[in-house]
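A quick write-up on the structure given underneath.
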Ligand code: SF4
Ligand code: SF4
């Protein structure tokens, strides 16, 4: 089935701004791995245009569009000032709405809408919470753990909440996936968004604190009304004086999660927090130029081998002499940990917890 661009949820004027200069080719980490034109930003935009002009869709089209990690490196290097990951996400939405998707996308969709989390897990999302009596009916702060931390890193969630509860935070009794995996892979996340907003309103909190870069950008930029969201590294950096941290004899580096750094410009607070605890060395690429870990945009779920190759490349940026890599996103943590043999990868919350113990 062919479809016309005017029917796509895309801003045609924006797409036409692409002057095919190819600057994005030079920075796209997926292109670096795969080497084919359809695996870089310019190729993806050409494909989206061609789809709109009636070319038959195929699994190759899905592979091109779905291997974008939405890392945003191309945004930083596009002289036309366009936002290619937004265009890619809009094209994924259009294809998904026509039923054109991979089996992995379909499974993700089923899991999240069926169970409220990425894994389709029916277990208790709050199993990491040691004592439910600490839950409050009203609070100023809510700790939003997210799917990955709730189900795969319960110790980190527990430590994050233990620290945040000193400042009066609570958690949602019935948190559900923030919607990020659905939105990034082309689906409507409104049932989850409406549910989470109702839960947030019930608590009456003014600020949502999250330890996941995907949850952060989704809550902040994709929810239909503005809510005050802050990443846990910002929150803790703002409360350094109240935490009585002791210094640790460690030298670490920091991996900027794309959806916290490049997409939301949160660069300094995680570094302030780390430097208050231990000695710090920058990675070879950092801040707006930081390489992607390869996990985002549904790539970890859909193309694991590619995702891990991107993570392996990121390890090349580790400076000499560091004991571990700190990050502030469970997806980056997972992807980097899976390929890092001799270097420990640690969530920034774990580092803070160590310095409090
Ligand atoms: S850098 Fe921007 S204008 Fe140049 S080819 Fe890529 S998307 Fe198009
Ligand atoms: S967002 Fe990242 S992976 Fe996607 S096209 Fe741009 S540089 Fe490539």
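Values in this text are rule-based calculations from the coordinates and carry no lab data. Worth saying up front: this structure is predicted, and the values here are computed from it rather than measured. Quick reminder, even Gly has a Cβ in these numbers, built from the backbone with ideal geometry, and neighbours come from all protein chains shown.
Here are some notes:
- The chain: angle of helix 304-315 to the longest principal axis, Cα-based, in degrees nearest 10: 60
- Two-site FRET efficiency, residue 130 against residue 32, from Cβ-Cβ distance with R₀ of 45 Å, rounded to 0.05: 0.55
- Antiparallel DSSP beta bridges within the chain, as percent of all bridges there, nearest 5: 5
- For the chain, the percent of C-alpha pairs falling in each 10 Å distance bin, counted from 0 to the bin holding the largest distance, reads 5, 25, 33, 24, 10, 2, 0.
- Sequence-separation-based contact order of the chain, relative, with Cα cut under 8 Å and 6+ spacing, percent: 16
- Per-peptide packing, taken as the mean over residues of other Cβ atoms within 10 Å, places 327-338, 272-283, 171-182 in the sequence 327-338, 171-182, 272-283 from highest down.
- The mean sequence distance of close C-alpha pairs (under 8 Å, at least 6 residues apart), as a share of the length of segment 245-356, puts its relative contact order at 32 percent.
- Each 5 Å bin from zero holds the following percent of Cα-Cα pairs in segment 132-237: 2, 13, 25, 28, 20, 9, 2, 0.
- Nearest-ten-degree value, helix 330-339 long axis tilted from longest Cα axis of the chain: 80
- Pair residue 103, residue 173: separation of 7 Å Cα→Cβ label points (nm): 4.0
- Per-residue Cβ neighbour rank within 10 angstrom, fewest leading, 225, 246, 25: 225, 246, 25
- Ranked 162, 103, criterion: other C-beta atoms within 10 Å, fewest first: 103, 162
- Rounded, prolate or oblate (a/c below 1.5 giving rounded, otherwise prolate when a/b exceeds b/c) for segment 5-101 by Cα gyration tensor: oblate
- Segment residue 247-residue 198, length gained on full extension (0.36 nm per residue, minus Cα span): 13.6 nm
- Neighbour-count ranking [beta-carbon atoms within 10 angstrom, fewest first] of 201, 347: 201, 347
- Within the chain, helix-based [θ] at 222 nm, where runs of 4 or more DSSP H residues each add -39,500 (n - 2.57), nearest 500: -13000 deg cm²/dmol
- Shape of segment 245-356, Cα gyration tensor, a/c cut at 1.5: prolate
- Cα gyration tensor category, rounded, prolate or oblate, for segment 251-299 with a/c compared to 1.5: prolate
- Degrees between helix 103-115 axis and first principal axis of the chain (Cα, 0 to 90, nearest 10): 40
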